[in-house]
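As structure tokens, the structure follows; a few thoughts come after it.
The values are calculated or read from the model by the stated rules, or taken from the named source; none is laboratory data. The structure displayed is predicted, hence computed values, not measured ones. When we count neighbours, we look across all protein chains shown, and the Cβ atoms used for this are built from the backbone with ideal geometry, even at glycine. Remember, those area values only see protein heavy atoms, side chains included, never the ligands or the DNA or RNA. Shrake-Rupley method; radii C 1.70, N 1.55, O 1.52, S 1.80 Å.
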Amino acid sequence: MLELLRKQDAYIQILDAIKVGKQLPGLGLPRSARLPIVTALIKDLNIPLLLLTDRSDRALTMLDELNFWAP
């Protein structure tokens, strides 16, 4: 599934903008899309990314879900 995501024009535009250091506004992604996109960005950029959340229980849930996308 990540391979399909990584071929999308919108994803490629975001990736290219990050590579050149362009400041991006909030992307307004639905929760279900955030972790797959973060996982793809981590793999494509090969750098650590910081993912913030406003609740500690949500952070634990995201960590569990992230292990599914990036074992």
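One table, with the values for the structure above:
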{"item": "Pairs where the first residue, in the range 31-43, is under 17 Å from D16 (Cα atoms) and the second is among the hydroxyl-bearing types (S, T, Y) and assigned to a helix (DSSP H, G or I), C-beta under 9 Å, 6+ apart", "result": "I37/Y11; A40/Y11; L41/Y11"}
{"item": "Search result, residues across the range 15-33 that are under 18 Å from A70 (Cβ atoms) and touching a Leu at 6+ places or on another chain (Cβ under 8 Å)", "result": "L15, I18"}
{"item": "Which numbered condition I47 fails, given (1) free of Cβ contacts under 8 Å to residues at least 24 places away in the same chain; (2) surrounded by 10 or more Cβ atoms within 10 Å (Cβ to Cβ)", "result": "(2)"}
{"item": "Failed condition for L15, given (1) open to solvent by less than 60 Å² (accessible area, probe 1.4 Å); (2) assigned to a loop (DSSP other than H, G, I, E, B)", "result": "(2)"}
{"item": "Residue match in the range 52-61 (condition: surrounded by 10 or more Cβ atoms within 10 Å (Cβ to Cβ) and touching a residue at least 12 places away in the same chain (Cβ under 8 Å))", "result": "no"}
{"item": "Members of the range 20-67 found to be basic (K, R) and either within 14 Å of L2 (Cα to Cα) or part of a loop (DSSP other than H, G, I, E, B) (or both), listed by number", "result": "K22, R34, K43, R55"}
